[in-house]
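Note sheet for the following structure.
The values are calculated or read from the model by the stated rules, or taken from the named source; none is laboratory data. Predicted model, so just to flag it, every value in this text is computed and none were measured. Every residue, glycine among them, receives a Cβ derived from its backbone with ideal geometry; neighbour counts consider all protein chains shown. Side chains included, ligands, DNA and RNA excluded: accessible areas come from the protein's heavy atoms. Shrake-Rupley method; radii C 1.70, N 1.55, O 1.52, S 1.80 Å.
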Amino acid sequence: MSRDTSYQAVMARKNEIMKMSMGLDYDVYKTGELAFDYEKMMDDCGFTLEDVVRIQAETKVGNTPLYELKNLTNAVRKTCKPGKGARIFVKDEAANASGSFKARRASISAYVAQQKGYKGMVAASSGNYGAAVASQAAQRGLKCIVVQEIYDSNKIGQPEIVEKARKCEAFGAEVIRLTVGPELFYYNLMVLEETGYFNASLYTPFGIKGVESLGYELVHQVREKAGKDPDAVLITQAGGGNLTGTARGMLAAGCNARVVACSVDLSGLHMASDHDFNRKSFTTGHTGFGVPFAVWPDRADVPRNAARSLRYMDDYILVRQGEVFYVTELLSKLEGMERGPAGNTSLTGAVTLAREMDEDQIIVVQETEYTGAGKHHNSQLSFARQMGIEVRRGDPTEGVNGKSIVIPEHLVQVVGHKQDMNKLRMSYLKNACKHVDPSKWTDVDKAFVAKDVKRDLPWLEEALSKLKAES
Amino acid sequence: MVKAGTWVEIEKILLTPEQRAPQVPDDTKKVPYVMRVSGFLQKDAELNSEVTVKTLSGRIVEGTLVLIRPHYEHSFGDTVEELLTIGLGGEL
């Protein structure tokens, strides 16, 4: 008997499909109405940090170089007060097998899929993660299917995603190309059901465990090179897994540096809009993912998200598209490195943060990614022009998302802007209240929520009464 | 006539506008949800006819034959002159 393939019917089978495709039962971690035992879920993966490093070394992941960007640091120092301008280091994650840090995230899933006897893996990703799963699956003799959102309704493909499709196919993966819409999740479920393959979701404990090695490595590399700990680590924020895993790895190394998220500000553009889809020059690392996932991580494709960025985040910087393009070009011209947009987003944040920090302090930009046809900033700007977007030099604050991109004329115009962390935490709280009425919260729920936003119980009580007074 | 075994792309409407997810914005709701996938054509067929292909993962998928030997055309784009003068020294 063939199964009902309507949207509603497939979505109704979600939990059943998830269980089959991951072999993970999330129900056992439930400790309250909202709360679940996050650390137990992470521990139950059964992998120590040493295991992660060993597994990753089997498939060309990890141990990437850390470089000091001296020329860029010097350029930044010319734009700030004397004594300011922290040293900027970058971890060259493009050196991983598939060209990005996402290889770390895919590596443990691929190992688990192989161990559990799955024949293949399915990844819903239009970005580096798909390529990473394809690369890891290839090395472990597993089949791979990558499900992408790539075309608008006129079959115009976003060039960066087209490149990613090419890379996945280069690693032998099947690429399913979809038009714009959240129904990607629906079709992903159908493919999982049809194939019985492993669900390589970005948000499983395996995915996040794999990133812990990044944070751990970078702390040790900075200690070795500079004889001290980093003061701040800049992390491009989308779904929050990069930040969560890196921060956990830093803590495992005994490092308490500031954990700073950074996203491209794409406010004003709708993420599920067919029209807006090809009017964004960044496909990830932007506010369309970064903010919603920070303020409610459990919107992900798994019952409980292992990527919980507000638990670890100290600051969140936003940068404009034009600012990132400017800094991308500077990285090439001053440092002799061509790298892709994901790492260059946090690099742009680092430029703005370095100005307010002392010159003996250290900032680490914790990733780079490969670049090339489609991904390159020249491809993106050229494509933006074809889509009717104005591209010019000037004051980047004049740029209007979806209409214009203004590339700074001078480094001094690369300024970014910080988000109000308290506002983000309150937004998380509102979401939590929407899911379960606060009158039903137990002490366990309260402790969980406070921890999930990196605050204490007195803060939570005050915030809750403030919300009550507002409503 | 396209020969069996040729690398082709097929297209399939997964959801008509009426069947789309309730949360999609209005502009997206006006258009169908479309899937495309490449594979080896299973039997000789005409362009734009209904066919089956075998994908790289070995799945057999049905759809309309729309492209023969699909290839990539993405590039570095037209020269964006605004980038050329960045980082040459003057503006730092």
Practice task
Pop a pseudo-label 7 angstrom from the Cα along the beta-carbon direction at both A:Glu16 and B:Glu73 and give the gap in nm to one decimal.
Solution key: 4.4 nm
Problem - Rg over Rh [alpha-carbon atoms, Kirkwood Rh] for chain A - result: 0.95
Practice task
Quick one: check the C-alpha center-to-center distance for the range A:106-120 versus the range A:380-431, whole angstrom.
Solution key: 39 Å
Handout entry: chain A - percent relative contact order, Cα under 8 Å, separation 6 or more
Key = 19 percent
Fill in the blank from the handout: What the 5 Å binned alpha carbon P(r) of the range A:421-470 shows, as percent of pairs per bin from 0, is 5, 21, 40, 28, 6, 0
Practice task
Quick one, could you list the DSSP H helices from chain A stretching 15 Å or more along their long axis (Cα atoms) with average Kyte-Doolittle hydropathy of -1.0 or above?
Solution key: A:102-115, A:128-139, A:159-170, A:184-195, A:205-226, A:241-252, A:321-335, A:341-354, A:421-435, A:457-470
Exercise for the section: With a 1.4 Å probe on protein heavy atoms only, tell me which residues of the range A:143-182 lose at least 50 Å² of accessible surface in the complex relative to the chain by itself. Expected result: A:Lys155, A:Glu169, A:Glu174, A:Arg177, A:Thr179
Handout entry: Full-extension gain in nm, A:Lys403 to A:Ser439, via 0.36 nm per residue minus C-alpha separation
Key = 8.4 nm
Handout entry: Cα-based Rg of the range A:219-332 normalised by 2.2 N^0.38 Å, two decimals
Key = 1.18
Completion exercise
Among A:Gly336, A:Ser263, A:Ser309, the residue whose Cα sits farthest towards the positive end of the charge dipole of the range A:247-348 (+1 at Cβ of Lys and Arg, -1 at Cβ of Asp and Glu, taken about the Cα centre) is A:Ser309
Handout entry: Within 10 Å of each Cβ in A:383-391, the average number of Cβ atoms from other chains
Key = 2
Practice task
Could you tell me, in Å, what Rg and Dmax come out for the Cα atoms of chain B?
Solution key: 20.6, 63
Exercise for the section: Using a 1.4 angstrom probe on the protein heavy atoms only, line up A:Ser125, A:Ser427 by accessible area, largest first. Expected result: A:Ser427, A:Ser125
Problem - Cα centre as origin, Lys/Arg/Asp/Glu Cβ charges: the range A:421-470 dipole, Debye - result: 220 debye
Fill in the blank from the handout: Rounded to the nearest 5, the percent of DSSP beta bridges in chain A running antiparallel is 20 percent
Exercise for the section: Ignoring everything but the protein chains, give the 1.4 Å probe accessible area of A:His410 in square angstrom, nearest 10. Expected result: 60 Å²
Fill in the blank from the handout: Volume per residue (Å³) of the convex hull spanned by the alpha carbons of the range B:30-69 is 79 Å³
Problem - the range A:57-99: trypsin sites (Lys or Arg not before Pro) in DSSP loop, at most 13 other beta carbons within 10 Å - result: A:Lys78
Exercise for the section: Please work out the FRET efficiency for the pair A:Ser267 and B:Gln42, using the Cβ-Cβ distance as r and a Förster radius of 41 Å; give the result to the nearest 0.05. Expected result: 0.30
Problem - Alpha-carbon centroid distance for the pair the range A:261-291 / the range A:156-207, whole angstrom - result: 19 Å
Completion exercise
Rh_Kirkwood(the range A:152-235) over Cα pairs, Å, one decimal, evaluates to 16.7 Å
Handout entry: In nm, spacing of pseudo-spin labels at A:Asp27 and A:Ser2 (7 Å Cα→C-beta vector)
Key = 3.2 nm
